[in-house]
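Inspection log for the structure reproduced underneath, given as structure tokens.
The values are calculated or read from the model by the stated rules, or taken from the named source; none is laboratory data. Model, not experiment: these values are computed from the prediction. We place every Cβ from the backbone using ideal geometry, glycine too, and count neighbours over all the protein chains shown. The protein model used for the area step is the full one, side chains on, heavy atoms only, and it has no ligands, DNA or RNA in it. Shrake-Rupley method; radii C 1.70, N 1.55, O 1.52, S 1.80 Å.
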Amino acid sequence: MKLTEGVEWALHSCLNLTWLPPGQAVSATRLAAFYELPAAYLNKQLQALVRAGLVTSTPGPRGGFRLARAPEEITLLDVVTAIEGPEEAFRCEQILRQGPGGSPDVDYRQTCLISQSMRRADLAWRRELAGQTLAELKAAVERRYPDTPGNTRGRFAELLS
């Protein structure tokens, strides 16, 4: 399984938004400049997060993006699904139908052991991401790198000048 770079960008952007003072928003341009990313492409990821109800967008010169919900209410799976969609990583095409002894009226997605194994792996991966919130990730970063919140706010302030 390979996720697009948009997932990484969206996760880091959401994490950075957790350190903003209440009511403050950050433009897509400033979020993109933070990591020297292409603003137009990051904006597409941010719009996907808006559609998923994870961030809000406010127009205008003091507008921008902010979290739509508390970090405790946003899981890593929420962000991944907003960017990549809800589809399973493995798509059983039921090739057993064409194989020896195959039957056109059997749903091999349910009976194929490979399909079942892949689905269990996908569920385990999704369960792991669903079990971690943005707040937990934020707390872990703050424990390991305590200067990060202040540095993030400072960097956004620099990008305003």
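List of remarks:
- If you go through region 35-72 and keep only what is more than 12 Å from L17 (Cα to Cα) and either touching a residue at least 40 places away in the same chain (Cβ under 8 Å) or touching a Cys at 6+ places or on another chain (Cβ under 9 Å) (or both), you end up with A48, L49, E72.
- Residue count for region 53-90, restricted to those that are in contact with an Asp or Glu (Cβ under 7 Å, 6 or more places away or on another chain) and open to solvent by 20 Å² or more (accessible area, probe 1.4 Å): 3
- Considering region 70-92, the residues that are aliphatic (A, V, I, L, M) and in a helix (DSSP H, G or I) include one that is nearest to A52 (Cα to Cα), namely A82.
- Matching residues in region 15-63 - criterion: being of a type in the set (G, A, S) and in contact with a helix residue (DSSP H, G or I) (Cβ under 6 Å, 6 or more places away or on another chain): A28, A32, A33, A39, A48, A52, S57
- Subset of region 1-15 [under 14 Å from L49 (Cα atoms) and either buried (at least 18 other Cβ atoms within 10 Å of the Cβ) or touching a residue at least 40 places away in the same chain (Cβ under 8 Å) (or both)]: G6, V7, W9, A10, L11, S13, C14, L15
- Sole exception among (1) within 22 Å of E87 (Cα to Cα); (2) within 10 Å of the chain's Cα centre (by Cα); (3) surrounded by fewer than 19 Cβ atoms within 10 Å (Cβ to Cβ); (4) not hydrophobic (A, V, I, L, M, F, W, C) for Q45, by number: (3)
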